[in-house]
Amino acid sequence: MAGGGKTGRTVYACSSCGGEFAKWVGQCPDCKAWNTLGESLVSPPTARNPRFAGYAGDANQNRVRVLSEVSAEQQHGISTGIGELDRVLGGGLVKGSVVLIGGDPGIGKSTLLIQTLAGLSAAQTSLYVSGEESPEQISLRAHRLGLPCENLRLLAETGVEQILALARKESPAIMVVDSIQTIYTEQLQSAPGSVAQVRESAAQLVRFAKQYGAAVFLVGHVTKEGTLAGPRVLEHMVDTVLYFEGESGSQFRLIRTIKNRFGAVNELGVFAMTDRGLREVSNPSAIFLSRHEKEVSGSAILVTREGSRPLLVEVQALVDGSPLANPRRVTLGLEQNRLSMLLAVLHRHCGIAMFDQDVYVNVVGGVRITETAADLAVLLAVLSSFRDRIVPADLAAFGEVGLAGEIRPVPNGQDRLREAAKHGFRRAIVPRANAPKRPIAGLDVCAVDRLTDVLDAF
């Protein structure tokens, strides 16, 4: 163990929360995570370290300013040429912004970014920095996808000081760093990918983006648990955090906005993986609705909302007699505890007991529903399977179910109804507070107050 002199000292940093400790322990004292502490070297403090200056912009503007004196010009985003990517970014790339995009290995992060840079390279100076693939590998991928590569600049380097030195000469408007876990700084002696290296390298790249007005993409790997590998403080340093999602056997990929300083969060972009790369899906409701040749029980249509976009999603349920003392409650795409609560409300206020039934609920297409507006559609699907009654194919529903059996309103009810009418639905069961003041052409809206009213309408 190094001493605390000029050579620095050894500390143990948590890869989950970033906390630093003098000795190694099995469980992090701060976030209580197990086996997350890694060794790193910390340099002794100096009087003034220039590498910490100007993180949020110009380092020379070290004076107090009145907010009204600061220019409030609207920053128009640079269109990436991919509509779904512009949607999750809040309208496009903003100069000086840093975007962190994470996802499982092989899901298409590098493919999407090289497609984006190849399309922008004709009008914007672009630089692709690769720390994982060789230039030959990237060239093969670009030719396989049929991308224009005449103006796309490529750099294979992992040292952040060398990357920034070349970036200052090139002055790129857009730069991609793939990936942040392979980048290291010479200021620290720890291995690339460690907590200290990831945090310091990202800080220098963010500082470059703010000072030179470049839009920077950082590619990050995720752990087995689905969280970003490295310190979570990385998400606080950047302006936008995007997560790539997708089932292993499905061709569709979802990009979800976790954080965005320039737009709404929880926006959803849908892509399809093809032999020519990622292609945007302009009408995602079509892929989340399965068209059965013959109507079946246990299926209901939910009008959910992802960011600013309403989506029509099919909710499937299967209710079957249970041979177990504790019946199963299995959900895919929904919260399991929410299903147990809805079944209790159904029993208490409607007299329909399922304590001897296994209940399985699935959201078609791999979408994760986190809002409570799915309660009504889930109960319709469960009742349809339990009674073996078919929910009409032209019926959509949304609404929150309270513990007292009331149907509570949800935000943006008008947008949801218009989306349902656009896709050919003729009936909708909604909370009374979400009933439209003016009739919607071609849509018969049934407004309900309590869960018992839903049973009468159904």
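Any read-out appearing in this document is the output of simple, stated calculations on the displayed coordinates, not a laboratory observation. Just so we're clear, the structure is a prediction, and the values are computed from it rather than from any experiment. Don't worry about glycine lacking a Cβ; one is built from the backbone with ideal geometry, like all the others, and counts go over all protein chains shown.
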The list (1) 25.0; (2) 24.2; (3) 22.0 gives values of Kirkwood radius over Cα pairs in Å, and only one came from this structure; which label was calculated from it? (1)
Exactly which chymotrypsin sites (Phe, Trp or Tyr not before Pro) in the range 341-420 are in a DSSP loop and have at most 10 other Cβ atoms within 10 Å? F355
Between the range 430-458 and the range 241-273, how far is it from one alpha carbon centroid to the other, in angstrom? 32
Extension length gain for Q336 and C149 (0.36 nm per residue less Cα distance), in nm, is 62.5 nm
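Just for the range 280-373, what percent of DSSP beta bridges are antiparallel, to the closest 5? Display every interim value, and only then the final one.
Values: 15 of 19 bridges.
Taking every DSSP beta bridge within the range 280-373, about 80 percent pair in antiparallel fashion.
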Rounded to the nearest 10 degrees, what's the angle between the helix 336-350 long axis and the longest principal axis of the chain, both from Cα atoms, 0 to 90? 20
Using θ = phi - 60° and the Karplus relation 6.51 cos²θ - 1.76 cosθ + 1.60, list the HN-Hα couplings for the range 273-289 in order, rounded to whole Hz, with x at every Gly or Pro. 7, 10, 6, 10, x, 7, 10, 6, 9, 6, 10, x, 4, 5, 8, 8, 10
Angle between the chain longest axis and helix 195-212 axis [Cα atoms, degrees, rounded to 10]: 80
At 1.306 mPa s and 10 °C, Stokes diffusion of the range 136-208 via Kirkwood alpha-carbon radius, µm² per second: 117
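Restricting the count to DSSP beta bridges whose residues both fall in the chain, what percent are antiparallel, rounded to a multiple of 5?
Taking every DSSP beta bridge with both residues in the chain, the antiparallel ones total about 55 percent.
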Trypsin sites (Lys or Arg not before Pro), restricted to the range 412-451: which are DSSP loop and have at most 10 other Cβ atoms within 10 Å? K437
Separation in nanometres of the label points that stand 7 Å from Cα toward Cβ, at I352 and W34: 4.1
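Work out how much length R63 to D394 would gain on full extension: take 0.36 nm times their residue separation and subtract the Cα-Cα distance, in nm to one decimal.
Length gained between R63 and D394: 112.9 nm.
Round to the nearest 0.05 the FRET efficiency obtained for F21 and Q162 when R0 = 30 Å and r is the Cβ-Cβ distance.
0.40
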Report the semi-axes of the equivalent ellipsoid for the range 318-443 in whole Å, largest first, where each axis is √(5λ) for an eigenvalue λ of the Cα gyration tensor. 27, 15, 14
Given charges at Cβ of Lys, Arg, Asp, Glu: the chain dipole, positive-most of N412, S126, H236: H236
Put +1 on the Cβ of each Lys and Arg and -1 on the Cβ of each Asp and Glu in the chain; which of L455, A22, L383 then has its Cα farthest toward the positive end of the dipole? A22
Using Cα atoms only, what is the angle between the long axis of helix 160-170 and the major principal axis of the chain, expressed in degrees (0 to 90) to the nearest 10? 90
Might you report the magnitude of the Cβ-based charge dipole of the chain about its Cα centre, with Lys and Arg at +1 and Asp and Glu at -1, to the nearest 20 debye? 820
Loop sites in the range 130-187: GluC sites (Glu not before Pro), DSSP, at most 13 other Cβ within 10 Å: E150, E186
Return the calculated 222 nm mean residue ellipticity for the chain, to the nearest 500 deg cm²/dmol, obtained by summing -39500 (n - 2.57) across DSSP H runs with n ≥ 4 and dividing by the residue count. -7500 deg cm²/dmol
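Run the numbers on the chain and let me know its relative contact order in percent, using alpha-carbon pairs under 8 Å that are six or more apart.
12
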Find which of S299, S97, S40 sits farthest along the positive direction of the dipole of the chain, computed with +1 on the beta-carbon of Lys and Arg, -1 on that of Asp and Glu, about the Cα centre. S97
Calculate, in nm to one decimal, what S322 and R387 gain on full extension: separation in residues at 0.36 nm each, minus their alpha carbon distance. 21.8 nm
